[in-house]
Every structure is written in C-alpha cells, then in structure tokens.
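Note sheet for the following structure.
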Amino acid sequence: MGVFVFLPLVLPLTALPIARLAEQHLHPRTATRLLTLVGTVLTVCSTLCLALLMVVGTAQLPGNPLPDSWSDPEVRAAVPWDVVAGKAAIGALGAVTVSCTATCLRHGRVRRDARLALAGLPESPVAVLPDDKAYAYALPGTSGRTGKPGRIVVSTGMLDSLSPHERRALIAHERAHLTAHHHRYLLAAQLAARANPLLRPLRTAVDYCAERWADEEAAREVGDRRVTARAVGKAALVSQGTPGPALAGFA
C-alpha cells in the first residue's frame, strides 16, 4: 500500500476546486447538499485513516489490548513510518475530538441562550425584540415530542431600516433557512472543517450557497428579485458591527 495509506488525509485538498465548480455551475440548493455530503464523506475517511494509523502504529506498545494480528510485521510494513505515524495520529485524533466537541457544545449553548432571550415573548413564528441594533436570524427548533418549532428573530432596529416590502422579503429569507433546515448543513460543514482544516473552503462554500438558496426561495415567495436583493443587501449593511448569535443556521 505504501504512501497510499495516507491518501484519505490529502484528498480534502480537492475541496477548493470542488467548491468553486459547485458555486459556479450548480443551483445553490444542489450545491449546498452536494458540498455538505462531500465534506462529510471526506471527514469520515480522514478520521478513520487517523484511527487506523494509530492502531497499527501503537499495536506493539506494552499493555495494548488490541489483537496480536495488528502487530504482525506484514501489517506494519504496509504503513510507512508506522511508529511515527501512529504517535502523530494520537495527537491528531485528540485535536479533532476536542475541536468538534467544543463546536457542538458552543452550538448548543448559543441556541439555549438565544431561546432564553425570547422567554416571555408571545409564541409566534416571528419574534420581534425591542432593540435599536439591527439584526435578524433564524432560530432552529428543537426535536422531540415536546420540541419547539423554529422561529424568526428580528429586532425593531432592523424593521425600522426596511420598507414593508423589504421586510416581507427578509422574513421570507429567514423562513427559507428554517424550512430547508440550513442549520444542519452549516453545522455539518463546520464540523468537517474542524476535523480537517483542508475542508475550510467547503465550509465557506456551504455558507455562501445556503444564503443564495434562501435568497432564491425568498425571491420566489415575494415575486420580485430586486426587492429581495435590496432587502438582503440593506440588512447586511445595517447589521454590520452588531453582535449576533454565532450559530450554524443563523443568518
């Protein structure tokens, strides 16, 4: 096998050209789904590769509970620099585990804090917060029998900066995020980038394509692409520099 053992670790180098081609030639809905799938598959492959390298490279350590066949010379010979690669894989897997766990915990914490901020407000699909700062985002719902549906959160500062038609377009944009469950794609892409930094171009592309997807859905619902573009552009301008929830699915 030789150096081809390390192929899953370098395959993510293809992320950049794949992302560019998908952004330019595919519908944003298709691009978002395809890039998320590609990122997930590449992440799983690279992580499994690290696990196998760790197993083979550390099979001869004293007290190792792994089967004796893993320490067979023929098995180790299939992995170049097996001892060094095995020890390096331990550190890499540890870093992947810590980074992905921290991302998931942060994701859950921000969602919890965002829901606490809405406590006391009427249970409506659109929650309006009295705040002069301009922001709007989609808050994903919770699963389970007692789960709560997703909600659109918008500040009075944002509403005041838009015309009635632009408000409708903005709400449609955020509703598209909820309906299509964009937070799942974004979280998967973010975890993939955490597990393998070479996949960061895919994460950026998924973010971009998800926004375009929401734009297309909003334009279709409103029936006016110019109004939608103006609403999204104006919202982006007035919200610059304002703090917002750092959660996959918020846009």
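Counting charges near LEU186 (Lys, Arg +1; Asp, Glu -1) among other residues having Cβ under 11 Å from its Cβ returns a value of 0. Counting only protein heavy atoms and a 1.4 Å probe, segment 149-250 has 46 square angstrom of accessible area per residue.
Within the shell of other residues whose beta carbon sits under 15 angstrom from the beta carbon of GLU123, the net charge comes to +3, with Lys and Arg scored +1 and Asp and Glu -1. If you take all other residues with their beta carbon under 14 Å from the beta carbon of LEU159, and give Lys and Arg +1 and Asp and Glu -1, the sum is -1.
Put a dot 7 Å past the Cα of HIS181, heading toward its Cβ, do the same for ASP132, and the two dots end up 4.1 nm apart. Approximating the spin labels as points 7 Å out from Cα along Cα→Cβ, the VAL110-to-ALA88 distance works out to 3.2 nm.
Here's the list of lysines a cross-link from LYS133 could span, going by alpha-carbon distance under 16 Å and ignoring same-chain residues fewer than 8 apart: LYS234.
Ordered by 1.4 Å accessible area with all protein chains kept, TYR208, TYR137, TYR185 run largest first as TYR208, TYR185, TYR137.
The values are calculated or read from the model by the stated rules, or taken from the named source; none is laboratory data. Small disclaimer: the values here were computed from a predicted structure and weren't measured. In this analysis, Cβ positions are derived from the backbone assuming ideal geometry, glycine residues included, and neighbour counts consider all displayed protein chains. Please note that ligands, DNA and RNA were not included when accessible areas were found on the heavy atoms of the full protein model with its side chains. Shrake-Rupley method; radii C 1.70, N 1.55, O 1.52, S 1.80 Å.
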